[in-house]
1. Can you compute the helix-only [θ] at 222 nm over the chain? Use -39500 (n - 2.57) per DSSP H run of at least 4 residues, normalise by all residues, nearest 500 deg cm²/dmol.
2. Give, rounded to the nearest 20 debye, the magnitude of the charge dipole that the stretch 226-284 has about its Cα centre when Lys and Arg contribute +1 at Cβ and Asp and Glu contribute -1 at Cβ.
3. If you wrap the stretch 179-307's Cα atoms in a convex hull and average its projection over all directions, what's the area in nm²?
4. Which percentage, to the nearest 5, of the DSSP beta bridges contained in the stretch 329-393 is antiparallel?
5. Cα gyration tensor of the stretch 2-139, axes a ≥ b ≥ c as square roots of the eigenvalues: rounded (a/c below 1.5), prolate (a/b > b/c) or oblate?
6. Among 476-489, 190-203, how do they line up by average Cβ neighbours within 10 Å per residue, starting with the highest?
7. Need the list of aspartates and glutamates near Lys342 for cross-linking: C-alpha distance under 13 angstrom, and skip anything on the same chain fewer than eight residues off.
8. Relative contact order for the chain: what percent, with Cα pairs under 8 Å and sequence separation of 6 or more?
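Throughout, read-outs are computed from the coordinates displayed, never taken from laboratory work. Not measured: the values here are computed from a predicted model. Ideal geometry is used to build each Cβ from the backbone, glycine not excepted, and the neighbour counts take in all protein chains shown.
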Amino acid sequence: MAKSGSSIVDPVNRIEGHLRLDMHVENGYVTKSWVSGGLFRGMEIVLENRKAADAAYITQRICGVCPVSHAHAACIAAEKSYGAEDSFYKSMPRAARIIRNIIEGAQFLHSHILWFYNLAALDYVNPLNALKADIADTVALAQAAGTSQADFAGIKKRLQAFANNGQLSIFAGHWFDAKSLDGSPSYKLSPELDLIATAHYLEALEMQAVSSEISGIIGGKMPHIMSSVPGGTTFVPTELRLDDILFRAIRIRDWVASTMIPDTLAIAATYLALEGEKSDFFYGKTPGNYIAWGVFEAASYKPEERYLPGGVFSFKDAKYQQVQNWDEKLITETTAYGFYDKKIDDGTPRNPRDGITAPLYKDEYELADIRDHPKDGMPYTWDKAPRYDGKVFEAGAQSRLLVAYKRGVKDIVSGVDGVLKALGVPGKLEILNSTLGRVGARNVETLYVANKVVEWIGELIEAVKGGDSATFAEPKTRTGEGAGMWEAPRGALYHYMKIKNDVINKYQIIIPTTWNISPRDENGVQGPIETALLGIPVEDLDKPIHALRVVHSFDPCVACAVHITEPKTGRKFTTVTNPWGVK
């Protein structure tokens, strides 16, 4: 019998930060949804009265997975504040631009590998089912799928030891027994494919670390690099260091091509073949609007010409069916449904340059029971609701991929077309607006970035050989304002600063997940994830596996901050935690 009632996931696991998923289910399908960020991130307040260069270090503490992106967005904001009409930003030495691309690319590879195998894959892969695998059949399947071989017998033996002692370690606490609405298992892979994917899950733990080693070599450490500064980088590209990062980049590129892409196709094709229109290629749709600021700087320093270019695209909105350049003036945020002081900020949509961060949580917002839904009109999250041109837009790898595809980036076009053809849906670009579509898009981007990192290292080697090794430019002015519009692995990242005599007097940030976990806006319009959850099938209210797959496909990162003080100075502090947990 189809279920009705509340389905709550709190906290959502295998993400960064604290996220609550709140759904009302009628006859087996989600009819209402709320997505709540349960931790307050107050970095804008922390940064006031600090030196402009400090922002690149402090904002990295927002996230340990994508700190490089925050460093670069903060650097760009400072560089644009230092020179009229971006003149100082565009004067950065060539080698500095390339080095920043390399370390940014290494972080993307770390994040994407970690996300696919170690965070999202367990929504589709059941390691316990791998215990039923025949080793000879597993080897044959890996060969047929074009994916890499491993010590499958050894992995199976290790899994059996886990199962025998009841200690499932990293595979504990998942919903491997979840059912679909028709009563069939939600996990569809054969034991042999489960064993292949589990073996590569373990390999991915090493490969994401190798990616971080590149960041650590260039940045001094990872996470939270030290080398990217306004004006360039402090990294000196010696022969030894270039060799250190090159062999690691080649290793990652080859592994992504031989393992990650074939695994993606094998898993996606299985679900598509077995479930058809009931597969996750047909659930998890957003309004179909996509935004990307662009990432990986080209020599022109134009966002629309970045290696992954910026732009605005929509499947449905006629205004954006042809990719348009973005316009910062069209960005707004509202706190209509957020835990913010309505006397200071009444929820009127504001451009982030005019943004206000005035947090205020009231006891009346607390839910009496864990399964209660927020009351109509009541604030239910720390997240603001960003909009572009008054509309809901999705950020992330899929947005970057679609913008790049529509702008004709050759390797992206061939990669996307190849995946669609391999899945038996050639030319159906719109199928990417789905749960599994977002998974596939991110992994196509992974291969593109892996290839580019190797190319950029080669470009840097040639630059150094030719004597073009300058990596830093000194600013001449230190008063102004500017926005660093960049990309993190999870999507469009915005840092704005206003400085006087090199001291920050205003700072605003819109992180990628802010777009995707957006609550209702002042008109009651829901954000991308809340919209994507509507219509999702739920067989078990306690194990809404399809809903979890939707959320993980966005790879949300709910950034947080704790305000601390020194009692001797009298400066106050507050700690804001999950309003549904301990206060």
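1. That calculation yields -11500 deg cm²/dmol at 222 nm.
2. Numbers: 5 positive and 8 negative charges, 35 e Å.
Computed charge dipole of the stretch 226-284: roughly 160 debye.
3. On the way: hull surface 48.0 nm².
Its average projected convex-hull area is 12.0 nm².
4. Numbers: 7 of 8 bridges.
Close to 90 percent.
5. Numbers: a/c = 3.29, a/b = 1.61, b/c = 2.05.
It comes out oblate by the Cα gyration axes.
6. Details: 476-489: 21.4, 190-203: 23.4.
Going from most to least packed, we get 190-203, 476-489.
7. Candidates past the 8-residue exclusion: Glu522.
8. On the way: 1216 pairs, mean separation 155.4, N = 583.
After rounding, I find 27 percent.
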